[in-house]
C-alpha cells in the first residue's frame, strides 16, 4: 500500500496552532466497461440489463462527487465554506431515451426492483454499471419514471415495448468491496 503525504499551513490571526490529520482511501483505477449493467438485489436476485442505458448522470468510470459549498451570513458580512463531498451525497441516474426504450420484460424487472426496497439490516442492492466500469456500489433505488414523469405508459406496452424515456435514480450508499 502506498502512502501519500500532503501538508499545508493556514494562518489564522490570534489562534493557537492546530494539527489535523485525515486518512483518505485511494482506490485503484477502474477497468473499462464491458457489459450492459447489472443490479443484484438480496431478495429478488440478480438482474442483468438487456442493454445499457443511453445516458447516465454523475458517473464517469467512478461516481462523480461534487464539492459541498455552504454560506452563512454573519453580523457584518458572510462566511463561505467549501469542502470535498461524500459519495453518500450522490445520486446517479440511468436513462433509456429511445422511443422504444426497452422491452416490457426489462421494464417490469426494473419496476419490481424499485418497488422492493431493502432493509439495510438485510443487505444492500448492488449496482454494477459494467457498461462504464468494473466497480460496484451499494445503492437505494429512490425514483423511477417512464414516459417523462412518474410511470406513464402507452399502448406500446402491448407490443412488448415501453416508450422512452425510462429512468431511475440510484442513491449511492457506498462502494462494494472488490475483495468480497
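The values are calculated or read from the model by the stated rules, or taken from the named source; none is laboratory data. Since the structure is predicted, the reported quantities are computational estimates derived from the model, not experimental observations. Every residue, glycine as well, gets a Cβ built from its backbone with ideal geometry; the counts of neighbours run over all protein chains shown.
For this structure, a couple of remarks:
- Residues being in a loop (DSSP other than H, G, I, E, B) and touching a residue at least 60 places away in the same chain (Cβ under 8 Å) - total across segment 60-111: 9
- Residue satisfying condition, being in a loop (DSSP other than H, G, I, E, B), touching a strand residue (DSSP E or B) at 6+ places or on another chain (Cβ under 9 Å) and either in contact (Cβ under 8 Å) with a residue 60 or more places away in the chain or more than 24 Å from residue 175 (Cβ to Cβ) (or both), within set 149, 133: 133
So that you can scan it fast, the table gives a plain yes or no per residue for (1) within 21 Å of residue 35 (Cα to Cα); (2) touching a strand residue (DSSP E or B) at 6+ places or on another chain (Cβ under 9 Å):
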position: 91; (1), (2): no, yes
position: 95; (1), (2): yes, yes
position: 103; (1), (2): yes, yes
position: 109; (1), (2): yes, yes
position: 113; (1), (2): yes, yes
position: 119; (1), (2): no, no
position: 123; (1), (2): no, yes
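- The condition (being modelled with pLDDT of 90 or more, within 12 Å of residue 166 (Cβ to Cβ) and in contact with a helix residue (DSSP H, G or I) (Cβ under 7 Å, 6 or more places away or on another chain)) is satisfied by just one residue among 110, 144: 144.
- Here residue 124 meets each of (1) within 17 Å of residue 56 (Cβ to Cβ); (2) surrounded by 13 or more Cβ atoms within 10 Å (Cβ to Cβ) with one exception, condition (1).
- Among the criteria (1) within 30 Å of residue 167 (Cα to Cα); (2) in contact with a strand residue (DSSP E or B) (Cβ under 9 Å, 6 or more places away or on another chain); (3) at pLDDT below 90, the one residue 71 does not fulfil is (1).
This table checks each residue for (1) touching a strand residue (DSSP E or B) at 6+ places or on another chain (Cβ under 8 Å); (2) loosely packed, with under 10 Cβ neighbours inside 10 Å; (3) within 30 Å of residue 132 (Cβ to Cβ); (4) at pLDDT below 85.
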site: 22; (1), (2), (3), (4): no, yes, yes, yes
site: 28; (1), (2), (3), (4): no, yes, yes, yes
site: 43; (1), (2), (3), (4): no, no, yes, no
site: 48; (1), (2), (3), (4): yes, no, yes, no
site: 55; (1), (2), (3), (4): yes, no, yes, no
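- Meets criteria (loosely packed, with under 13 Cβ neighbours inside 10 Å and at pLDDT 90 or above) for residue 76: no
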